[in-house]
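The structure under discussion appears below in the form of structure tokens.
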Amino acid sequence: MQKELKKLPTHIAFIIDGNGRWAKSRGLIRSLGHKAGLSRLEKNIKECFYGYGIPIVSVYAFSTENWNRPNDEVNYLMDLFRKYLGKGFLKKYPETRFNLMGDMSGLPEDIAKKAQNLMDLTKDRTKFILNLGINYSGQDELVIAVNKIIEEKIEHVTRQVISDHLFTRGQPPVDFMIRTSGEQRLSNFMLWQVAYAEFYFPKVHWPAFNSKQLYKALLEYQSRDRRFGAIKEEKK
């Protein structure tokens, strides 16, 4: 499949929506939808990295607003994150640098420690980057960046200065943003980084967004004409 795709994104981002609806449509409880969603996430990340060679993957896993969900659902999600960020992570994603996007101070202490440990252990890896958004808000990310700039007493602020103070500092912007389940909004995800990204909104729920769906999305990306605000001259 990869040989058929002449143009691939350098940085792909996923809003993994529809776990609960996927479960409900099958008569299952929501927690099983989240479990299936995590399994699908692992498969899709590996396919992006090792199947297509896409070097950077960003995932919206848990927003700051998600704390408003029922306690049992939040607790179940936190347990999934504990397992996902455990010892097996390093073997699952060799050559991958892990980067947590989000306010770690608002996470359970043990999860924050696991995330920080992975960031420390993988900081020298350069082939792939996985940005995982947990307790993440795009608006909060910008506020945090501005406050850091103020603390550093930087007087002349440029786009590059702001980029250098985001959770994704040193990385290129998002090229391709995919949100599953048919919803057509960003929901406060990577507001700065998606300024010129292409968007794709398949109706399929995240647990059903399999390798064929990923290929279909990347095939759609081939047809996008990315102008970045410029006028493209027609060939004579």
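Does Ile144 qualify as being touching a strand residue (DSSP E or B) at 6+ places or on another chain (Cβ under 6 Å) and either modelled with pLDDT of 95 or more or acidic (Asp, Glu) (or both)?
Judged against the criteria, Ile144 is not a match.
Which number in (1) in contact (Cβ under 8 Å) with a residue 24 or more places away in the chain; (2) assigned to a loop (DSSP other than H, G, I, E, B); (3) on the phi > 0 side of the Ramachandran plot marks the one condition that Asn135 misses?
Failed condition: (2).
Would it be correct to say that Leu214 is open to solvent by 20 Å² or more (accessible area, probe 1.4 Å), hydrophobic (A, V, I, L, M, F, W, C) and in a helix (DSSP H, G or I)?
Here the answer is no, as Leu214 does not meet what is asked.
Of everything in region 101-126, what is out of contact with any strand residue (DSSP E or B) (no Cβ under 6 Å at 6 or more places or on another chain), of a type outside the set (Lys, Arg) and open to solvent by 10 Å² or more (accessible area, probe 1.4 Å)? Give them in sequence order.
Met104, Ser105, Pro108, Glu109, Asp110, Ala112, Gln116, Asn117, Asp120, Leu121, Asp124, Thr126 - these are the residues of region 101-126 that are out of contact with any strand residue (DSSP E or B) (no Cβ under 6 Å at 6 or more places or on another chain), of a type outside the set (Lys, Arg) and open to solvent by 10 Å² or more (accessible area, probe 1.4 Å).
Can you confirm whether region 179-189 contains a residue that is within 28 Å of His34 (Cβ to Cβ), touching a strand residue (DSSP E or B) at 6+ places or on another chain (Cβ under 6 Å) and not hydroxyl-bearing (Ser, Thr, Tyr)?
Yes: one or more hits.
Can you name the residue in region 6-23 that is among the charged types (D, E, K, R) and modelled with pLDDT of 95 or more and is also farthest from Tyr84 (Cα to Cα) among such residues?
Among residues in region 6-23 that are among the charged types (D, E, K, R) and modelled with pLDDT of 95 or more, the one farthest from Tyr84 (Cα to Cα) is Arg21.
Given the options Ser63, Ser39, name the one that is out of contact with any Gly (no Cβ under 7 Å at 6 or more places or on another chain), modelled with pLDDT of 95 or more and open to solvent by less than 20 Å² (accessible area, probe 1.4 Å).
None of the others qualify; the one that does is Ser63.
For (1) without any contact (Cβ under 8 Å) to a residue 60 or more places away in the chain; (2) crowded, with 22+ Cβ neighbours inside 10 Å; (3) of a type in the set (Lys, Arg), each residue gets a yes or a no:
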| site | (1), (2), (3) |
| --- | --- |
| Leu142 | yes, no, no |
| Glu183 | no, no, no |
| Phe189 | no, yes, no |
| Phe199 | yes, no, no |
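Could you tell me how many of the residues in region 14-40 are over 13 Å from Trp206 (Cβ atoms), of a type in the set (Gly, Ala, Ser) and either in a loop (DSSP other than H, G, I, E, B) or touching a Lys or Arg at 6+ places or on another chain (Cβ under 9 Å) (or both)?
1
The values are calculated or read from the model by the stated rules, or taken from the named source; none is laboratory data. Keep in mind that this is a model prediction, so the values were computed, not measured. All Cβ positions, glycine included, derive from the backbone under ideal geometry; neighbour counts span all protein chains shown. Side chains included, ligands, DNA and RNA excluded: accessible areas come from the protein's heavy atoms. Shrake-Rupley method; radii C 1.70, N 1.55, O 1.52, S 1.80 Å.
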